[in-house]
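Encoded as structure tokens, the structure appears first; notes follow it.
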Amino acid sequence: NAQEMRNVLKSLALVNICQRNTNTQFESHIFFDGGVNGDRLTEYSLQLVSLLEECLDVKLQDSKTIKTPFGLHLQWELPKSHRDNKTMLFSLNLKDNSLVYQRKRWSQVMYISYCLDFCQEQNR
């Protein structure tokens with residue numbers, strides 16, 4: 001529900017604030033099964049996206065959007081601290097059930113594929 005989504009996003013905002021006092025760089029991902037149909041966000045992913053500005057101070061139109069083998073990958077840089085240049089990357093990975101088989105194990109494969117294929121490509 002919306003309150004649970006809000007709680008998760010506010011927790012991520014606190015992680016973003018707390019990382020500024022460390023030497024650690026954090027990155028956050030939410031994987032959303034059935035989050036997109038083609039290029040259209042589903043009801044629940046729209047609900048989550050509607051809370052982004054309130055909780056993380058980012059807007060949908062400011063995301064870096066990438067089509068993936070499993071659906072869409074939306075990425076934002078969360079606002080920086082005034083004292084340093086650290087920023088936390090926040091990613092929303094939306095699974096299109098028409099592209100990926102609708103079983104639990106297939107979702108796990110999607111997560112592993114993201115880590116192995118997409119992240120590896122980004123680091124090149």
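Summary table below
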quantity	calculated
Residues of region 31-60 classified as under 20 Å from Asn16 (Cβ atoms) and either out of contact with any helix residue (DSSP H, G or I) (no Cβ under 9 Å at 6 or more places or on another chain) or among the polar types (S, T, N, Q) (or both), total	1
Leading residue by the ranking (nearest to Ser91 (Cα to Cα)) among those in region 1-28 that are at pLDDT 90 or above and within 12 Å of the chain's Cα centre (by Cα)	Ser28
When residues of region 76-99 are limited to those that are of a type in the set (A, V, I, L, M) and either surrounded by fewer than 13 Cβ atoms within 10 Å (Cβ to Cβ) or within 15 Å of Gly38 (Cα to Cα) (or both), the one modelled with the highest pLDDT	Leu94
Verdict on Asn93 being of a type outside the set (Asp, Glu) and touching a residue at least 40 places away in the same chain (Cβ under 8 Å)	yes
Residue selected from region 39-59 under the condition over 21 Å from Leu14 (Cα atoms) and surrounded by 15 or more Cβ atoms within 10 Å (Cβ to Cβ), by the criterion nearest to the chain's Cα centre (by Cα)	Ser45
Conditions (1) modelled with pLDDT of 75 or more; (2) over 13 Å from the mean Cα position of the chain (by Cα); (3) within 26 Å of Ala2 (Cβ to Cβ); (4) hydroxyl-bearing (Ser, Thr, Tyr): number failed by Ser107	(1)
Sole exception among (1) crowded, with 16+ Cβ neighbours inside 10 Å; (2) under 24 Å from Cys119 (Cβ atoms) for Asp62, by number	(1)
One residue from Gln102, Gln120 being assigned to a helix (DSSP H, G or I), farther than 21 Å from Ala13 by Cβ, of a type outside the set (Val, Ile, Thr) and modelled with pLDDT under 75	Gln120
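The values are calculated or read from the model by the stated rules, or taken from the named source; none is laboratory data. This is a predicted model, so every value here is computed, not measured. Counting neighbours? That spans all protein chains shown, and the Cβs are built from the backbone with ideal geometry, glycine included.
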